[in-house]
Every structure is written in C-alpha cells, then in structure tokens.
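Below you'll find the structure, written out as structure tokens, and then a few comments.
The values are calculated or read from the model by the stated rules, or taken from the named source; none is laboratory data. Bear in mind the structure is a predicted one, so any value in this text is a computation, not a measurement. Cβ: placed from backbone, ideal geometry, glycine included. Neighbour counts: every protein chain shown. The area values use the complete protein model at the heavy-atom level, side chains included, leaving out ligands, DNA and RNA. Shrake-Rupley method; radii C 1.70, N 1.55, O 1.52, S 1.80 Å.
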Amino acid sequence: NAVTHRNLGDAYQRLGRASDARAAYREAVRLTQVDLSVNPRDPLAHASLAVYAVKAGEPALARHHLELARDLAPSNVEVLYRTAVVRALERGIEPALEALEQAVAGGYSRTEIVADEDLDVLRRHPRFVALVPRS
C-alpha cells in the first residue's frame, strides 16, 4: 500500500539512495491516486498524497492535493498535521509552524510531532520548541 512505499522511500532516503527513494514515493503517489479514484472526497488521502508528492519532488502536485484536503476538511487535525509536514519539507518554516500549531490546538499528539523526522527543519525554531516537549 501507499504507506509501505512511503516508509520504503524514507528508508532509501536515510541510506542515501535518493533515486530509489523518489521511485518509492512516486509509487505511493500512484497508489493513493488509485484510492482517490474510488473516493475523490477523502481529505486524508489527499493530504497523504501531498506528503508523498513533495517527497517525490513534485511540489506542485503536493500543493494541489493539500489545497483539496484543506477545502474538504479545513479543521481536521490530520490534514493540518500533513500540511505542516509538506510545508516543512518545502522549507516553508512559518506556514509549517502555523499548521502545526493549529494541529496541536485541535488535539494532535505532541509526542508524534517530536518523533517525526520530516519536521527536523523546525526543531530549533522557538515556536516549535515552545509547542512540543524536548526529547
């Protein structure tokens, strides 16, 4: 499934195998697109596809699906969290922190945030430090 391919892509990325990582992320995008052909109004699928797309090097596709997810479920904490991840991966620090703060205000787990390596670019920012406990 798509999550498996995302995890595979993350593993390849950590091993320095960037082209293999992109291929795995692209497969996660493809599989999620298949899911969306069945239920095109699934905000979590759109938000997940956005994460996979930005990791695959397709930021325009990521932004498109993020916009769809936000239109379908603007206050969903999972959508807000994935918005933060996409923005962080794009190095959009302020928009990432804003989405992350909204997700936490809605009840998203601070523990999950601390564990997510996709948010590494935010870790030293004072707003991030104030938002989550130190590990």
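Worth a mention:
- Residue in region 14-21 that is in contact with an Asp or Glu (Cβ under 8 Å, 6 or more places away or on another chain), assigned to a helix (DSSP H, G or I) and modelled with pLDDT of 95 or more present: yes
- Residue ID - nearest to the chain's Cα centre (by Cα), chosen from residues in region 86-107 that are closer than 20 Å to Arg6 by Cα and surrounded by fewer than 23 Cβ atoms within 10 Å (Cβ to Cβ): Leu89
- The lone criterion from (1) open to solvent by 50 Å² or more (accessible area, probe 1.4 Å); (2) in contact (Cβ under 8 Å) with a residue 40 or more places away in the chain left unmet by Arg110 is number (2).
- Region 5-36, residues that are open to solvent by 60 Å² or more (accessible area, probe 1.4 Å) and within 13 Å of the chain's Cα centre (by Cα): Asn7
- Test: residue in region 14-31 that is out of contact with any Pro (no Cβ under 7 Å at 6 or more places or on another chain), within 23 Å of Ile113 (Cα to Cα) and of a type in the set (S, T, N, Q): no
- Residue in region 113-135 that is surrounded by the most Cβ atoms within 10 Å (Cβ to Cβ), counting only those that are of a type in the set (Lys, Arg) and part of a loop (DSSP other than H, G, I, E, B): Arg123
- Residues satisfying the stated conditions in region 85-111, i.e. in a helix (DSSP H, G or I), touching a helix residue (DSSP H, G or I) at 6+ places or on another chain (Cβ under 8 Å) and small (Gly, Ala, Ser): Ala88, Ala96, Ala99, Ala103
- Selected residue [touching a Lys or Arg at 6+ places or on another chain (Cβ under 6 Å), among the small types (Gly, Ala, Ser) and closer than 19 Å to Glu90 by Cα] from Ala18, Ala53, Ala47: Ala47
- Restricting region 37-81 to residues that are of a type in the set (D, E, K, R) and outside any loop (DSSP other than H, G, I, E, B) leaves a set whose member that is surrounded by the most Cβ atoms within 10 Å (Cβ to Cβ) is Lys55.
- Look at region 64-88: where a residue is under 22 Å from Val121 (Cα atoms) and a partner is open to solvent by less than 40 Å² (accessible area, probe 1.4 Å) and not in a helix (DSSP H, G or I), sitting 6+ places away or on another chain with Cβ atoms under 6 Å, you get Val77/Tyr108; Val79/Ala73; Tyr81/Tyr108.
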